[in-house]
1. Using 7 Å Cα-to-Cβ label points, what is the residue 58/residue 74 separation (nm, one decimal)?
2. Expressed in nm², what is the orientationally averaged projection area of the convex hull enclosing the Cα positions of region 10-95?
3. Shape call for region 61-108 from the C-alpha gyration tensor, a ≥ b ≥ c root eigenvalues: rounded (a/c under 1.5), prolate (a/b greater than b/c) or oblate?
4. Report the label-to-label distance for residue 188 and residue 99 in nanometres (one decimal), using points 7 Å from each Cα along the Cα→Cβ vector.
5. If I histogram all Cα-Cα distances within region 122-207 using bins 10 Å wide from 0, what percent of pairs lands in each bin?
6. Quick check for you: with a 1.4 Å probe and neighbouring chains kept, what is the accessible area per residue of region 80-207, in Å²?
7. Over its Cα atoms, what ratio of radius of gyration to 2.2 N^0.38 Å does the chain give?
8. On full extension of the chain, what length is gained from residue 159 through residue 45, given 0.36 nm per residue of separation minus the C-alpha to C-alpha distance?
Amino acid sequence: MSFTIAIDGPAAAGKGTISKAVAAHFGVGHLDTGLLYRAVGKRMLDGVEPIEAALALVAEDLEAEGLRTADVAQAASKVAAIPEVRSALVDFQRAYARRAGGAVLDGRDIGTVICPEAEAKLFVTASAEVRARRRYAELSAGGAETDYDTVLADTKERDHRDATRSDAPLRPAEDAVILDTSTLDIDAAVAQAIAVVAAKRKDGDTA
């Protein structure tokens, strides 16, 4: 039996960490769909046309070096605004979502576009300032030369682009549970997410 958990939200809200923890807790697969767009974005930076890169994407591309850099993140946001790129990656995501045993998918449009019928939906968010501080700490720890103001500006620019794109703009699904992590540590955020999913699974068992 499949059980799809859709977790959406803006960059650095904590959805990736939460998604991995939720998948591990329930023993289901996990797909960071942002890696699909990062892989396409990286190929674009390497000189490959974005739509061509999306159509040719294979699972091994998700393990490429350098997918977590700031440049690739910006490139991912740009290619994600191309409708043909998004269309090329839909089937990959939907097939994964319905794998036997269940799956967690995290991204920007899982609950609204990719898996609108997902049994559980969360929208993980936090203020731009909190997310920029988290991202700056992550980049600094990795040796990147940047500053908080630059990261905050990039965060706001990316939020605007993701929220205003014509195809699948970033927004919560109408039936998603909003989880604001601005004042939560990761353990508390994970606990809340697991509680939401557990309740949905219980509702499904008794429906």
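The values are calculated or read from the model by the stated rules, or taken from the named source; none is laboratory data. Just so you know, these numbers come straight off a predicted model, no measurement behind them. Backbone-built Cβ (ideal geometry, glycine too); neighbour counts: all protein chains shown. These accessible areas exclude ligands, DNA and RNA; they are computed on the full protein's heavy atoms, side chains included. Shrake-Rupley method; radii C 1.70, N 1.55, O 1.52, S 1.80 Å.
1. 3.1
2. 5.7
3. oblate
4. That separation, rounded to one decimal, is 3.3 nm.
5. 15, 34, 32, 15, 4, 0
6. 52
7. The reported ratio for this selection is 0.99.
8. 38.9 nm
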